[in-house]
Every structure is written in structure tokens, then in C-alpha cells.
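What follows is a short report on a single structure.
The values are calculated or read from the model by the stated rules, or taken from the named source; none is laboratory data. These numbers come from a predicted model, not from an experiment. Glycine gets a Cβ as well: all are built from the backbone with ideal geometry, and neighbour counts include every protein chain shown. Accessible surface is based on the protein model in full, side chains and every heavy atom, while ligands, DNA and RNA are left aside. Shrake-Rupley method; radii C 1.70, N 1.55, O 1.52, S 1.80 Å.
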Amino acid sequence: MNERDDSKGTSSEKASGGNQMWGGRFAEGPSAIMREINASIPFDKALWRQDIRASKAHVAMLGAMHIVSDEDAVTIERGLDQVAAEYEVNGVPEDWALEDIHMTTESRLAELIGPAAGRLHTARSRNDQVATDFRLWVRDAMDEAQAGLEALQRALVTRAGEHADSIMPGFTHLQTAQPVTLGHHLMAYYEMIARDRSRFADARKRLNRSPLGAAALAGTGFPIDREMTAQALGFDGPTANSLDSVSDRDFALDYLMAASQCALHLSRLAEEFIIWASQPFGFVALPDSLSTGSSIMPQKKNPDAAELVRGHSGRITGCLVSLMMTMKGLPLAYSKDMQDDKPPVFEAASLLALSIAAMTGMVAETRFRTDRMRAAAELGFATATDLADWLVRQADIPFREAHHITGAAVKLAEQRGVPLDQLPLEDLKAIDSRIDARVFSALSVEASVAARKSHGGTAPDQVRKQVALAREALGLE
């Protein structure tokens with residue numbers, strides 16, 4: 001997207017050998033290489049709805065301020081509606097000589113309504129035009145991400161409520177640590193997604209100022225009303241500094257930062273399902289709609305959707321790094337490097353939407369094999385901490401000593417090939433005489449889970465409490 005220093009706009013007549021919009025400055029037209037490297041229409045055509053919307057707001061303001069006549073303002077607005085209708089049906093044409101979506105639209109507008117089209121660009125530059133269009137697009141992308149993440153939260157909360165009592169092993173280092181409930185595990189991802197939504201919400205607040213009217217870099221001498229265009233486009237108000245207005249891409253970086261963090265959370269959730277679906281675990285049966293088969297091994301059911309979500313997280317984070325490197329050394333105000341701001345954002349938004357949708361479907365449709373989960377929770381001596389806690393509470397033994405006693409009990413159970421709660425009482429008493437029959441009330445996985453009643457703990461009552469609060473927050477009550 002090329003910089004324009006003029007703020008009055010041009011007509012659409014062809015300049016000799018050059019671009020019809022700015023060819024008057026040049027005796028010869030651009031080379032084929034220049035046309036190809038300069039053109040952004042192959043990707044920035046995605047902004048056409050935002051470009052039409054911002055242009056309509058701009059011309060309405062020009063008419064209201066008597067900068068253009070009422071007749072021309074009405075003619076331009078109707079022409080823009082016609083261009084939009086054509087784009088909706090036929091798509092945006094790609095004429096590299098017109099460079100970008102802004103020139104493409106203005107050129108077609110001139111073909112439809114004649115010289116009046118040249119008045120649309122009065123008091124506006126392509127610099128503030130693209131900054132406005134891009135903000136509008138990113139704002140829409142943030143809203144779409146919010147809607148998708150809310151749907152994922154609803155799926156997580158629904159399944160967590162179904163499995164508030166379902167016992168599974170909790171892991172650290174991917175080693176069995178303590179029993180938890182599946183509902184508690186799923187609600188951990190609800191919390192992660194809640195933070196993701198808050199990041200998008202915060203970024204949206206910072207974004208929501210309109211750069212329209214900043215012109216090329218210094219503002220304009222026309223008596224424009226920037227508050228009017230900001231309000232028409234749903235912004236909280238205009239930006240405060242014209243230089244910053246056209247050079248700022250923080251809003252795009254904010255979006256990519258939020259998207260990257262969200263993608264990392266989705267990747268972690270995807271990894272859980274990949275592991276759980278493997279035969280050694282067998283905790284879940286993934287939906288057929290989000291799995292694939294093998295070209296050679298008929299028994300295979302591959303978690304391809306989850307694996308692609310895991311892979312997309314790297315690409316999304318790469319988009320963030322790409323734009324950060326583009327912006328890192330640019331002086332004020334506009335530089336053509338900034339034309340490369342849109343492809344990484346467009347790519348990340350597309351990948352993020354797919355990832356959110358895939359994980360929402362996976363959470364909603366997966367069959368959890370709670371029998372396998374419970375059996376796994378009894379392996380690995382997951383209630384060892386409960387034995388140590390019982391020794392502290394009931395026998396008044398310092399925790400470090402209780403930890404040592406418990407280690408001896410685990411070693412004995414491992415030698416016998418039984419869980420802790422199946423060790424005979426006399427064997428436990430042989431390890432430490434202060435152990436009595438009451439200990440067995442603490443050694444089952446059910447007792448272990450039920451005992452974790454602290455706020456935010458895995459006890460079923462606590463899980464149901466958190467589910468209820470989440471349902472209320474999501475409007476599900």
C-alpha cells in the first residue's frame with residue numbers, strides 16, 4: 001500500500017504509462033518487478049468490507065461538513081454500495097496496476113459514477129485509510145475469537161459438569177501424582193481460556209480509536225469532524241497524534257500476542273487428547289469426525305485434528321515474530337515495509353479460528369472412558385500423599401518423617417504389586433506402629449479426591465461449585 005502525501009484525491013484518468021492513480025509524477029510506468037513487489041491486492045482484498053464501510057463514513061462526514069456537496073456525497077455513497085454488491089457476488093478483481101483494495105475500489109467507483117469519485121479521497125490519505133481498515137478488520141477478528149472461545153468454554157463447562165465425580169490420575173512430569181476428577185481437569189482449561197478472552201478484550205479496548213482523518217502523517221487543513229467518523233465506525237473516539245495514527249501497528253501485535261497465547265493453550269489441550277487417545281492410556285475415544293485412518297494400517301484412528309491444532313500453534317507464534325521483526329526498526333511515520341503487516345495477521349486469524357473450532361468439537365463429542373481413567377488413578381500409588389497427610393493429622397508426625405514412612409509403604413506395595421489400600425494393616429504397622437485401621441479411610445482414590453476441599457480443589461463439591469459459577473458467567477443458568 002503506497003503512501004499518498006496529497007489529501008485532496010485524484011481523478012481516475014490514465015496517466016501516460018503509469019498507475020492511473022498516481023502516475024502524473026512519473027514519466028515512465030513501473031517495471032514488471034515493481035508492479036509485482038508493490039501490489040498488495042492479492043491479500044488486502046480481504047479488507048474490502050472494512051474499506052467500503054470506512055469510505056462511506058468518510059464521505060458522509062465530508063457532506064455534513066460541506067467539504068463536498070450533498071449531491072456528490074449521495075452519489076458516492078450509492079456508488080460504494082454498488083461496488084460492494086459487485087464484490088459480494090463476484091469477488092474483488094486483482095489488477096496489479098491498481099496495487100491495492102483502496103485504488104481498486106476508487107477505480108471501479110469512477111467507472112460507475114464518473115469524476116465525482118475523485119472527491120472521495122478529499123482530506124484522506126491511503127495511510128490513514130489502511131490504518132482504519134486494518135483496525136476494523138482486526139477488531140472483527142477479535143470479536144470472532146471471543147465468540148469461538150465462549151463456545152469452547154461452554155463445551156468445557158458442560159463436560160466438566162458431567163464428570164465432576166469421575167476420577168482420573170493427576171500428573172506431574174507426566175507421572176501419576178494424585179487422583180483428581182476429570183471435571184476438575186477440564187475446568188483448568190476453562191480458566192486458561194478465560195484468560196485468553198480477557199487478553200482479547202484488553203487488546204480491543206486499546207485498539208478502539210479511529211485513525212481516520214490523520215491523513216498522510218500530519219493531519220489535514222480541511223475542517224473535518226473526526227469524532228463523527230469515529231462514532232460512525234464504532235470507535236470510542238479518534239486517535240490523538242497523527243504521526244502515531246498512521247505508523248501504529250500495536251493493535252495487530254496485540255492481536256497476535258493474544259492469539260499466540262491462546263494457541264499455546266489450545267495446543268496443550270490438543271496434546272492431552274493425543275496422549276489420552278493412545279492405546280497405552282485409552283482414556284478417550286475421539287469423534288470420527290475429527291480423526292482419520294491410515295492408508296496402510298486399518299486398525300488406526302489418528303488424532304489428526306488435535307495434532308494439527310498443536311502444529312498451528314507454531315505457525316501462529318511465527319506470525320507474531322514475523323510482524324514484530326517487520327516493525328522493530330521503522331522510523332515515523334509510514335514505510336512500505338508495513339504492507340507486510342497484514343499477511344501474518346490474516347494467516348493467524350484463520351488458523352486460530354480453525355483451532356478453536358476443532359477443540360470445541362473435540363471437547364463436546366469425545367467419549368471419556370472413565371473406567372480406564374479410574375483404574376489408572378489406582379496405579380502409581382497416587383494416594384501416597386494422603387497417607388503422609390493422615391500420619392500428620394492423626395498421629396501428629398512431622399511431615400518430613402511422615403514422608404519417609406510413606407516412602408517405605410510405597411516400596412512395600414510396589415514389591416507386592418498392590419495399591420496402598422490393599423496392604424495388610426499388620427504390614428503397615430510393621431513400618432510404623434502409629435498406623436492404625438483408620439488409615440484405610442484415607443487411602444482410596446475416592447477418599448483422596450473427596451478430601452481436597454480447599455477452594456479451587458478437586459473435591460467433587462468444589463468442582464460443581466466452580467462449574468455453577470462458570471455457567472452463570474456464561475449465561476447458561
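Things worth noting here:
- Computed packing ranks the peptides 223-229, 351-357, 85-91 as 351-357, 223-229, 85-91, most packed first, by mean other Cβ atoms within 10 Å.
- Unit charges at the beta carbon, dipole of the range 302-344: most positive-side option, Ser313, Pro303, Ser335: Ser335
- Residue-level accessible surface for Met325, protein heavy atoms, 1.4 Å, Å²: 110
- Working note: Cα atoms of the range 376-474, range along each principal axis, descending, whole Å: 53, 29, 21.
- Dipole magnitude (debye, nearest 20) for the range 376-474, charges at Cβ of Lys, Arg, Asp, Glu: 320
- Among Val246, Phe222, Ser210 - extreme Cα towards positive end, dipole of the range 158-304, charges at beta-carbon: Val246
- Cα centre as origin, Lys/Arg/Asp/Glu Cβ charges: the range 37-119 dipole, Debye: 200
- On the beta carbon distance between Gln231 and Gln146, with R0 = 30 Å, the FRET formula returns roughly 0.85.
- Solvent exposure, largest accessible area first (probe 1.4 Å, DNA, RNA and ligands not counted), of Asp244, Asp341: Asp244, Asp341
- The range 323-477 - accessible surface per residue (Å², probe 1.4 Å): 51
- The heavy atoms of Glu144 present about 130 square angstrom of accessible area, all protein chains included, probe 1.4 Å.
- The charge dipole of the chain, taken about its Cα centre with unit charges on the Cβ atoms of Lys, Arg (+1), Asp and Glu (-1) only, comes to about 980 debye.
- Note on the chain: Lys pairs 8 or more places apart or on different chains, Cα atoms under 30 Å apart, count 25.
- Over the chain, DSSP H runs of length four or greater, each weighted -39,500 (n - 2.57), average out per residue to a 222 nm ellipticity of -19500 deg cm²/dmol.
- Under 17 Å from a label point set 7 Å out along the Cα-to-Cβ vector of Ala468, the amide N atoms of the range 153-191 belong to 157-158, 160-165, 184.
- A Förster radius of 41 Å combined with the Cβ-Cβ distance from Leu476 to Gln175 puts the calculated FRET efficiency at roughly 0.70.
- Fully extending the segment from Ala218 to Ala32, taken as 0.36 nm per residue of separation minus the present Cα-Cα distance, adds 63.7 nm.
- Overall, the accessible surface of the range 112-192 at a probe of 1.4 angstrom is composed of carbon and sulfur to the extent of 50 percent.
- If R0 is 41 Å, the Cβ-Cβ spacing of Asp337 and His455 corresponds to a FRET efficiency of close to 0.25.
- Accessible area per residue in Å² at 1.4 Å probe, computed on the range 37-119: 43
- Across the accessible surface of the range 207-306, with the other protein chains kept in place and a 1.4 Å probe, carbon and sulfur atoms take up 53 percent.
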